[in-house]
Amino acid sequence: GDSVTQMEGPVTLSEEAFLTINCTYTATGYPSLFWYVQYPGEGLQLLLKATKADDKGSNKGFEATYRKETTSFHLEKGSVQVSDSAVYFCALSYVNTDKLIFGTGTRLQVFP
Amino acid sequence: EAGVVQSPRYKIIEKKQPVAFWCNPISGHNTLYWYLQNLGQGPELLIRYENEEAVDDSQLPKDRFSAERLKGVDSTLKIQPAELGDSAVYLCASSLTLFSGNTGELFFGEGSRLTVL
């Protein structure tokens, strides 16, 4: 079945460091790919998405590119801030099902 | 605009007791979801509603779990009786339907954290 695999955390970085959180997927079709973020004490919220191969999603300085050849959707940010500390979830869904399949989440901790 | 509202935020019960969670979706969102999130795991879909119809409940353990969305707005998720393994966070989410501008984004509530002793 379809699944999403994320790198285990926590990822611990100093402020202004470069961030990569790896995400790979297994899918039978052509899903849309998402990154959701969960800040402490808050609900999950959409960070960015890409709906087809080679699309790049971006938001708040974060980017991820839909790579069909490597079945990946890695999250990157050039310079992290303390306020980016959160749990990041990679997910996929098909446009005709509305069903999100999540990875296990990666906790990011950024220190000043 | 108000987001997805869930209650209670926290619930502690003894095993074999019943428990219920309530969700009010974003106004105008016809699709409503209940997800289960175990500690250190990603959310897993329990049930999805289109208006008042449950269109995907294949992952809902029907021997002890039940859900309803009688008027196509608010929803309630019930567990009876609760077991130790039910300790988790229960998330509610809502979205527009596919044919009313859904971009694939789900809007989540803050969740209801259940502890079964």
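The values are calculated or read from the model by the stated rules, or taken from the named source; none is laboratory data. Please read these numbers as outputs of a predicted model, since none were measured by experiment. Because the Cβ atoms are built from the backbone with ideal geometry, glycine has one as well, and the counts that use them run over all protein chains shown.
Of note:
- A count restricted to the stretch A:83-107 and to residues that are within 14 Å of chain B (Cβ to nearest Cβ), closer than 23 Å to residue B:41 by Cβ and either part of a loop (DSSP other than H, G, I, E, B) or of a type in the set (A, V, I, L, M, F, W, C) (or both) stands at 16.
- The single condition among (1) facing chain B (nearest Cβ under 10 Å); (2) assigned to a strand (DSSP E or B); (3) not small (Gly, Ala, Ser) that residue A:20 does not meet is (1).
- Condition check for residue A:20: touching a Leu at 6+ places or on another chain (Cβ under 8 Å), over 18 Å from residue B:41 (Cβ atoms) and loosely packed, with under 13 Cβ neighbours inside 10 Å: yes
This table checks each residue for (1) more than 14 Å from every other protein chain (Cβ to nearest Cβ); (2) under 24 Å from residue B:113 (Cβ atoms); (3) out of contact with any strand residue (DSSP E or B) (no Cβ under 9 Å at 6 or more places or on another chain); (4) crowded, with 18+ Cβ neighbours inside 10 Å.
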position: A:5; (1), (2), (3), (4): no, no, no, no
position: A:33; (1), (2), (3), (4): no, no, no, yes
position: A:40; (1), (2), (3), (4): no, yes, no, no
position: A:64; (1), (2), (3), (4): yes, no, no, yes
position: A:74; (1), (2), (3), (4): yes, no, no, yes
position: A:78; (1), (2), (3), (4): yes, no, no, no
position: A:81; (1), (2), (3), (4): yes, no, no, no
position: A:109; (1), (2), (3), (4): yes, yes, no, no
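- Members of the stretch B:18-33 that are surrounded by 14 or more Cβ atoms within 10 Å (Cβ to Cβ) and polar (S, T, N, Q): B:24, B:30, B:31
- Members of the stretch B:1-33 found to be in contact with a Cys (Cβ under 9 Å, 6 or more places away or on another chain) and more than 9 Å from chain A (Cβ to nearest Cβ), listed by number: B:5, B:7, B:21, B:22, B:23, B:24, B:25, B:32
- The stretch B:1-33: number of residues that are among the small types (Gly, Ala, Ser) and in a loop (DSSP other than H, G, I, E, B): 4
- Within the stretch A:43-62, restricting attention to residues that are in contact with a Phe, Trp or Tyr (Cβ under 9 Å, 6 or more places away or on another chain) and in a loop (DSSP other than H, G, I, E, B), the residue that is surrounded by the most Cβ atoms within 10 Å (Cβ to Cβ) is A:44.
- Residue pairs whose Cβ atoms lie under 6 Å apart, sitting 6 or more positions apart in sequence or on different chains, and linking a residue in the stretch B:16-44 that is small (Gly, Ala, Ser) to a partner that is assigned to a strand (DSSP E or B), are B:20/B:76; B:20/B:78; B:42/A:89; B:42/A:102.
- Meeting the requirement of 3 or more residues that are more than 8 Å from chain A (Cβ to nearest Cβ) and surrounded by 14 or more Cβ atoms within 10 Å (Cβ to Cβ), the strands (runs of 3 or more DSSP E) wholly within the stretch B:34-117 are B:44-50, B:65-68, B:75-79, B:88-95, B:112-116.
- Pair list, Cβ under 6 Å, 6 or more apart: the stretch A:89-112 residue modelled with pLDDT of 95 or more and of a type in the set (Lys, Arg), other residue surrounded by fewer than 20 Cβ atoms within 10 Å (Cβ to Cβ) and not in a loop (DSSP other than H, G, I, E, B): A:107/A:87
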